[in-house]
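A.B. asks: Sharing a structure with you now.
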Amino acid sequence: MKLRTILASLAVVLAGCVQAQSQNQLRDEVLLDMQRAFAQGNKARLAQLLPQAQGHVLEPWAVYWELRSRLDTASPAEIQQALARIAGTYQEDRLRNDWLLLLGQRRQWDLFAQEFPKYRMRDDREVRCYALLTEALREGDRTPPAVAEEVRKLWLGQREADDGCTTAAGHLIETGHGGRKLTKADAWRKARQAMEANRQRAVSDAVEIATTKDVQKMLAEVNAAPSKFLLSKVTAISRTRRELVGLALIKLATGDIDHAAAQLESKWGPQMNPEERDWVWGVIGHQAAFRLDPNANAYYARVERDSHLSDELLQWKVRAALRAPKGIDWKNILEAVDAMSDAGKADAAWTYWRARALLATARGENHRAEAQKLLEGIASPKGFYEQLALEDLGQKVVLPARPAPLTDEERKAARNDPGLNRALYAIGIGLRSEGTREWNYTTNLHKAGGLGDRELLAAAQYACDREVWDRCINTSERTKGEFDVDQRYPTPFREAVVKRSKEINLDPAYVYGLIRQESRFVTDARSGVGASGLMQVMPATARWTANKLGMRGFSADQLHDRDTNIAIGTGYLKLVLDDFGGSMPMAAAAYNAGPSRPRNWRNGPVLEGAAWAETVPFQETRDYVKKVVSNATSYAALLTGQPQSLKARLGTIGPRDAAQPEANRDLP
């Protein structure tokens, strides 16, 4: 009788659990349906579903989606009501961010000034520009120079045109407020940058600020046919005419480097002032360096003062010098880095190459001591140039000791954080983008300065324990003083990865380094171009590889299976690695950008692997190569327990040796 009573009680409990689970799934569907409606702009459906989301853990998302879809017509009272309903959440701050942008566009400065202090994220450049503009409007001729300096930095740092920074810059240039720290010369610089990047709206906006003359018709001629524009003009006496000629030369250089160089050399250079002329030579050098043109370093040598160039042009001067035909031009590297802004010089890449240049051109103990100090300042196992610095100091890459174990209190604080829990819940039901944004906000922006090291480790461990590997890695990487090897370099699916790698004679550390960069171990990851799974394999590449591996009956749907994805991804990586003679940097570049590109990029002088990686033209692939090989070095240290060498993995890279087999042109 007692047993029957217990079983009956369990049945009731289980029935209740099943019912609760079923209700949760139904309520999750409401949120998923709202997310789809938001993506479709279906305001009526959002309003219909909102009451059903009340009380759900993701209710703040429901409130955000419904109000955001009609933000342009909502009254301030409605917006304030929604903000109060989701107070303290990421969604509140996201909604306020969107409202502030709208208030700026509508020039409702009083309401903007009232709401901005409540805004926590402070990571939107356009909102920041609107805030600086409101200060400038309020202060008038008492506007602090720091306001203009910050607007200048934000405006010149933006690739795309926006209303906030353009309006703020235009106001400060027109009025001269802020100590004239922002001038028409800056507007012309903005126009040049935008012209090279082919951002025509930004060009037009900047030119309109820079000159009172109506030159939009001539600007249209420059864009339509720069060569024809240059041929139709004889002289460039005024500042406006010279700048338009400069814009035409920049536009021409993006398509015909030699023609632009010839025009600058023979006709227009003598008519320009030194700053204008140096900038155009810098653009020509940049365009040549991007195309791995052997003349790039010589074009940069025409620049008289490197201080006339932007940090981006100076970075490409370094890359041009690394591929100089007669060997690395250390003098040009040193000049370029010395001319960078303080922020540019502080980047580990340029710190490293400056140290190398000092050592290569050392004219005494002072140079050698400075180089040593620079290398010591960045040396660590944390990244590509940090690991290279270690080796230049005579050390191998060894992973640091693990930090002190997390306390129960530290773990509990992470587990009880509402933002982290909402993020994990969203990821768990398929709202990965929303979950990732809320997680990042909670760890980085919810409180000024973000979480401290121990809090970050606790949050990262919470994600690790839930096997949300991308948040685990990215959160742990943000620590400054602590270094948790297991969080930064986790080894999920270890048996499958190591077994498959060894079967085909592939370094498991290299495979782990690539997976970490490709998908952060998210098994259902899918890129915008259709690559799928752990190893982000494209369907066409997968079918080709499956055929090569003898996997009969393969279909692209199988890429969602973890082991199949590993088999296909490692199989393709092995074929690529063999085709490039075992070069990890070139194979990584091929995996990211296709094999035909690194076949071209290897031509030219024989380079040390680090120099080759830095001169890869595409930013995404350049970053990818450096991270994959650096990751592989760290994973090798973790898997073997032995000191490792990044430089050994980088090797040297140059044209294919005639004795090597022909490239496999069938590789997709």
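A.B. asks: Just the number please: accessible area per residue for segment 105-183, 1.4 Å probe, all protein chains included, in Å². Numbers along the way, then the final one.
C.D. replies: Working: 4010 Å² over 79 residues.
Counting only protein heavy atoms, the per-residue value for segment 105-183 is 51 Å².
A.B. asks: Residues with beta-carbon under 13 Å from that of Q271, excluding Q271: net charge, scoring Lys, Arg +1 and Asp, Glu -1? It would help to have the intermediate numbers written out before the result.
C.D. replies: On the way: positive: K233, R239, R241, R242, K267, R277; negative: E243, E265, E276.
With Lys, Arg at +1 and Asp, Glu at -1, the net is +3.
A.B. asks: With an 8 Å Cα cut-off and a minimum separation of 6 or more residues, compute the relative contact order for segment 167-224 in percent.
C.D. replies: Details: 40 pairs, mean separation 15.7, N = 58.
Relative CO of segment 167-224 lands at 27 percent.
A.B. asks: Measure off 7 Å from each Cα along the Cα-to-Cβ vector at A197 and T73, then give the distance between these two points in nanometres to one decimal.
C.D. replies: For the pair A197/T73, the computed spacing is 3.5 nm.
A.B. asks: While we're here: When only C-alpha pairs under 8 Å and at least 6 residues apart count, what is the relative contact order of segment 287-353, in percent? List each step's numbers first, then the result.
C.D. replies: Working: 65 pairs, mean separation 19.7, N = 67.
Result for segment 287-353 is 29 percent.
A.B. asks: List the residues of segment 143-180 whose backbone N lies under 16 Å from a point placed 7 Å from the Cα of R239 along the Cα-to-Cβ direction.
C.D. replies: The answer is 170-177, 180, whose backbone nitrogens lie closer than 16 Å to the label point.
A.B. asks: Only Lys, Arg, Asp and Glu count, each charged at its Cβ (+1, +1, -1, -1), so figure out the dipole size of the chain about its Cα centre, rounded to 20 debye.
C.D. replies: Values: 93 positive and 85 negative charges, 126 e Å.
It works out to roughly 600 debye.
A.B. asks: In the chain, what percent of the accessible surface is made up of carbon and sulfur (1.4 Å probe, ligands and nucleic acids excluded)?
C.D. replies: On the way: 14960 of 30220 Å².
Using a 1.4 Å probe with all protein chains present, the chain comes out at 50 percent carbon and sulfur.
A.B. asks: Expected output is a single nm value to one decimal: the length gained when fully extending between A146 and S227, i.e. 0.36 nm times separation in residues minus the C-alpha distance. What is it? Can you show the working numbers first?
C.D. replies: Details: separation 81, 0.36 × 81 = 29.16 nm, distance 4.08 nm.
Once the chain is fully extended between A146 and S227, it gains 25.1 nm.
A.B. asks: Classify segment 64-129 as rounded, prolate or oblate from the Cα gyration tensor: take a ≥ b ≥ c as the square roots of its eigenvalues, call it rounded if a/c is under 1.5, otherwise prolate when a/b beats b/c and oblate if not.
C.D. replies: On the way: a/c = 1.56, a/b = 1.18, b/c = 1.33.
Verdict is oblate for segment 64-129.
A.B. asks: Then there's this: Sum up the charges of everything whose Cβ sits under 10 Å from the Cβ of A632, counting Lys and Arg as +1 and Asp and Glu as -1, but leave A632 out.
C.D. replies: On the way: positive: R516, K627, R649; negative: D507.
My count for the surroundings of A632 gives +2.
A.B. asks: Also: Highest mean first, what order results for 534-541, 353-360 on Cβ atoms within 10 Å?
C.D. replies: Values: 534-541: 20.5, 353-360: 22.9.
Per-residue mean Cβ counts within 10 Å order the peptides as 353-360, 534-541.
A.B. asks: Turning to a different aspect of this structure: Please work out how much length the chain gains when fully extended from R368 to N603, using 0.36 nm per residue of separation minus the C-alpha to C-alpha distance, in nm with one decimal.
C.D. replies: Details: separation 235, 0.36 × 235 = 84.60 nm, distance 3.26 nm.
Result: 81.3 nm gained on full extension.
A.B. asks: I've got another one for you. Where the centre of each part is set by its Cα atoms, how far does segment 607-657 sit from segment 48-118, in angstrom?
C.D. replies: Answer, in whole Å: 46.
A.B. asks: By how many nm would the segment from N664 to E304 grow when fully extended, if each residue of separation counts as 0.36 nm and the alpha-carbon distance is taken off?
C.D. replies: Numbers: separation 360, 0.36 × 360 = 129.60 nm, distance 4.53 nm.
Using 0.36 nm per residue and subtracting the Cα-Cα distance, I get 125.1 nm.
A.B. asks: OK, next. By what distance, in whole Å, do the Cα atoms of segment 575-668 stretch along each of the three principal axes, largest value first?
C.D. replies: 38, 28, 26
A.B. asks: While we're here: What number comes out for the charge environment of A348, summing +1 per Lys or Arg and -1 per Asp or Glu over other residues with Cβ under 12 Å away? Before the final figure, lay out each step's value.
C.D. replies: Numbers: positive: K345, R354, K382, K626; negative: D347, E386, E614.
Once all neighbours under 12 Å are counted, the net charge is +1.
A.B. asks: Quick check: Cα centre of segment 333-396 to Cα centre of segment 176-204, how many Å?
C.D. replies: 32
A.B. asks: Mean separation of Cα pairs under 8 Å and 6+ residues apart, divided by the residue count of the chain: what relative contact order is that in percent? Don't jump to the answer; show the numbers that get you there.
C.D. replies: Numbers: 898 pairs, mean separation 51.9, N = 668.
RCO, the chain: 8 percent.
A.B. asks: Same structure again: Give me the 1.4 Å probe accessible area per residue for segment 394-467, excluding ligands and nucleic acids, in Å². It would help to have the intermediate numbers written out before the result.
C.D. replies: On the way: 3720 Å² over 74 residues.
Accessible area per residue, segment 394-467: 50 Å².
A.B. asks: Right, next: Considering the Cα positions of the chain, please state its Rg to one decimal place and its Dmax as a whole number of Å.
C.D. replies: 28.5, 108
A.B. asks: Given a 1.4 Å probe and heavy atoms of the protein chains only, how would you sort I427, I333, largest accessible area at the top?
C.D. replies: On the way: I427 20, I333 0 Å².
The ranking, largest first, comes out as I427, I333.
A.B. asks: Determine the distance separating the Cα centre of segment 539-603 from the Cα centre of segment 279-302; give it in Å without decimals.
C.D. replies: Rounded to whole Å, the Cα centres lie 34 Å apart.
A.B. asks: Something else about it: Within segment 571-586, what residues put their amide N at less than 18 Å from the label point 7 Å along the Cα-to-Cβ vector of K499?
C.D. replies: Answer for segment 571-586: 571.
The values are calculated or read from the model by the stated rules, or taken from the named source; none is laboratory data. Model, not experiment: these values are computed from the prediction. Ideal geometry is used to build each Cβ from the backbone, glycine not excepted, and the neighbour counts take in all protein chains shown. Note: areas computed on protein heavy atoms with side chains; ligands, DNA, RNA excluded. Shrake-Rupley method; radii C 1.70, N 1.55, O 1.52, S 1.80 Å.
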